[in-house]
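These notes are about the structure you will find just below.
Taken together, the values in this text are just the output of simple stated rules run on the coordinates, not laboratory data. Nothing here was measured: the structure is a model prediction, and the numbers come from that model. Please note: Cβ atoms are built from the backbone with ideal geometry, for glycine as well, and neighbour counts cover all protein chains shown.
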Amino acid sequence: MIIKDIELFQLELPMERAFSTSLHTVKEAESTVIRIVSKEGLVGWGEASPSEMVTGDSNAAIQGFIEDWLKPQLLGENIENLEKITSIIQNSAIGNTSAKAAAEMAVYDLFGQQLGVPVYQFLGGYQNRLETDLTVSVSDAQEMEQDAIRAVERGFRTLKLKVGKNLQEDLERVETVRYAVSSEINIRLDANQGWQPKEAVEIIREMEELGLDLELVEQPVPAQDLTGLKFVRDNVLTPIMADESLFSPRDAIRLIKEDCCDIFNIKLMKAGGLSQALMINSVAEAAGIQCMLGCMLESKIAITAAAQLAGACRNITRLDLDAPLLLAEDPVQGGISYQGSQIELPSAPGLGITGADNLTKIN
Ligand SMILES: [Mg+2]
């Protein structure tokens, strides 16, 4: 199956409402969709979501990199040589992890279509039903309380609260939500690098003393501060998860060697695609570290690829794949389906994406 063409599109993703983390606020998202077309006319789908504040990738940079740099290296390659193609993608340049992730999705999609099996099956085949959390955007405590109650009513059993704005207000936010929902509801926090190490220890210890029963705290301190991350991990009982501190398999090894955290948050956009995410998960599993699979503001194309990976790996024990649920409408046909917090993987070969609306062709 020879790669004949690579098409790029811009995809509009109107949000149901503005979404805020400690890093930024997003009102409407746009991503880049890639379609790799084989000589036989089969189409592999992929998506790159820009994240200027995390990966440094913008849509323009993603599109330019694929069109001018990656496409000439991939045209004419045979999809059956999966490892050769992922090597070309990974070694094509440093950085550009979102563009690489999108290209790999489309390649794995075609590879699965060639084999006639869903991606999660040829990657290992662990399960085809998964459960995701729902993220509560950071705002004032009362608004977050209402959002949390609504999420529980929709069937979500795990809530991820965005914090990291201001210590006292963060404490109030978490306390308010914790007392508003049943003790059976799992609460995880994501500070998105918003605290300094000593502040993080102070606030997490206070939450522990109040019995707020947190499942974990994600990326309490700035991404590059691994000493600070380790300081937090060593001084609280709550498990600490690395997100922005973890991009590549090499980062994973460093975090393990330096004993910086308890859990990893893998995202395809940070890792640079399925091949690298698989490697991170393997390194983690060998070190006794469980993984969560997270996402940026992505449509169901990239989320389906992430869910296929999660369905293949026993060590991916947590999912934060809620981005399509935050959109005003879902422009993608096929792929995963949601029922409350439950995700079902498609049984179609490859990723199972069949089409998308709101696409504007670029190249
Ligand atoms: Mg995070």
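Using the Karplus curve 6.51 cos²θ - 1.76 cosθ + 1.60 with θ = phi - 60°, what ³J(HN,Hα) values do you get for each residue of the range 301-312, in whole Hz, with x for Gly and Pro?
The phi angles translate into 5, 5, 5, 5, 4, 5, 5, 4, 5, 4, x, 8 Hz.
Please report ASP170, ASP322, ASP234 as a ranked list, fewest other C-beta atoms within 10 angstrom at the top and most at the bottom.
Ascending Cβ contact count within 10 Å gives the list ASP234, ASP322, ASP170.
Order of MET241, MET105 from fewest to most other C-beta atoms within 10 Å?
MET241, MET105
Please arrange MET269, MET296 by counting, for each residue, the other beta carbons lying within 10 Å of its beta carbon, fewest first.
MET296, MET269
Assign one of three labels to the range 75-144, namely rounded, prolate or oblate, based on the Cα gyration tensor with a ≥ b ≥ c the square roots of its eigenvalues; rounded applies when a/c is under 1.5, prolate when it is not and a/b is larger than b/c, and oblate otherwise.
Numbers: a/c = 3.93, a/b = 1.64, b/c = 2.40.
It comes out oblate by the Cα gyration axes.
Which net charge results for the neighbourhood of ALA18, defined as the other residues with beta-carbon distances under 14 angstrom from its beta-carbon, given Lys and Arg at +1 and Asp and Glu at -1? Working shown, then result.
Numbers: positive: ARG17, LYS27, LYS162; negative: GLU16, GLU28, ASP140, GLU143, ASP147.
Net of charged neighbours comes to -2.
What does the net charge come to around ASP140 if you take all other residues with beta carbon closer than 15 Å to its beta carbon, with K and R at +1 and D and E at -1?
That works out to -3.
Between ASP234 and ARG250, what is the spin-label point distance in nm, taking each point 7 Å from the Cα along the Cα→C-beta axis?
In this crude label model, ASP234 to ARG250 measures out at 2.6 nm.
What angle, in degrees between 0 and 90 and rounded to the nearest 10, separates the Cα long axis of helix 97-115 from the longest principal axis of the Cα atoms of the chain?
Approximately 60 degrees, to the nearest 10.
Full-extension gain between ASP68 and ASP259, please, as 0.36 nm times their residue separation minus the C-alpha to C-alpha distance.
64.7 nm
Nearest 5 is fine: what % of DSSP beta bridges in the chain come out antiparallel, could you say? Mind dumping the intermediate values first?
Details: 34 of 58 bridges.
Restricted to the chain, the bridges split so that about 60 percent are antiparallel.
Distance in nm between label sites at GLN339 and GLN127, each 7 Å beyond Cα in the beta-carbon direction?
Roughly 1.5 nm, to one decimal.
Using Cα pairs closer than 8 Å and at least 6 residues apart in sequence, work out the relative contact order for the chain, in percent.
22 percent
Specify the angular offset, from 0 to 90 degrees and rounded to the nearest 10, of the alpha carbon long axis of helix 167-180 from the longest principal axis of the alpha carbons in the chain.
The answer is roughly 90 degrees.
Need one number: convex hull volume per residue for the range 121-355, Cα atoms only, in Å³.
Hull volume over Cα atoms, normalised by residue count, gives 111 Å³.
If one takes the longest principal axis of the Cα atoms in the chain, at what angle in degrees, from 0 to 90 and to the nearest 10, does the Cα axis of helix 197-209 lie?
Helix 197-209 sits at roughly 70 degrees to that axis.
Using a/c under 1.5 as the rounded threshold, could you call the range 3-116 rounded, prolate or oblate? The axes a ≥ b ≥ c are square roots of the C-alpha gyration tensor eigenvalues, and prolate needs a/b larger than b/c, oblate otherwise.
Prolate is the answer for the range 3-116, as a/c is 1.5 or above and a/b outweighs b/c.
What net charge do the residues around PRO50 carry, taking every other residue with its C-beta under 15 Å from that of PRO50, with Lys and Arg at +1 and Asp and Glu at -1?
-3
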